[in-house]
1. For residue 46 and residue 61 in one chain, what is 0.36 nm times their gap in residues minus the Cα-Cα distance, to one decimal in nm?
2. Using only Cα atoms, find the angle between the long axis of helix 16-26 and the longest principal axis of the chain, and express it within 0 to 90 degrees, rounded to the nearest 10.
3. Taking Cα pairs under 8 Å and at least six residues apart, what relative contact order does the chain come out at, in percent?
4. Would you report the distance distribution of C-alpha pairs in the chain as whole percents per 10 angstrom bin, up to the bin with the largest distance?
5. Only helical DSSP H runs with n ≥ 4 go in: add -39500 (n - 2.57) per run for the chain, normalise by residue count and round the 222 nm mean residue ellipticity to 500 deg cm²/dmol.
6. Using 1/(1 + (r/R0)^6) with R0 = 30 angstrom and r between the beta carbons of residue 34 and residue 85, what's the FRET efficiency to the nearest 0.05?
Amino acid sequence: MDDVHTAAVAKALGHPSRLHILRLLATQTECRGADVFSELPLAQSTISEHLRVLKQASLVVSRPETSGNGMVYCLDPTVFDEFIAVVSTLAAAASLCGSDGKGC
């Protein structure tokens, strides 16, 4: 994962409503957009914007519903795994800072 994508994922994770959406999607294999809209006390346009940010960061993927005109959303676990790897590498490097007694 390059730095631009890492920053986009971090930004996407940085809002409580987007975290709420991710937790909702994590409880099921896929979720209808109408269910996401009914779960949050926000305007549909606001939720759509949050979903757009999550999709832009590749945390969420969507497809049209097979019946009806809505969308179905689900998480992309690959991006979470890549983000965790980047953060883990940073955390491991941070533990080295100052370990020689000289500071950073």
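Where a number appears in this text, it was derived from the coordinates with a stated rule and is not lab data. Note that the structure is predicted; figures quoted are calculated from it, not measured. Cβ atoms come from the backbone with ideal geometry, glycine included; neighbour counts cover every protein chain shown.
1. On the way: separation 15, 0.36 × 15 = 5.40 nm, distance 1.78 nm.
Contour length minus Cα-Cα distance gives 3.6 nm.
2. With rounding to tens, the tilt is 70 degrees.
3. The value is 29 percent.
4. Each 10 Å bin holds this share of Cα pairs: 14, 41, 25, 12, 7, 2, 0.
5. Details: 5 runs with 62 residues, N = 104.
Value at 222 nm, helices only: -18500 deg cm²/dmol.
6. Plugging the Cβ-Cβ distance into 1/(1 + (r/R0)^6) gives 0.30.
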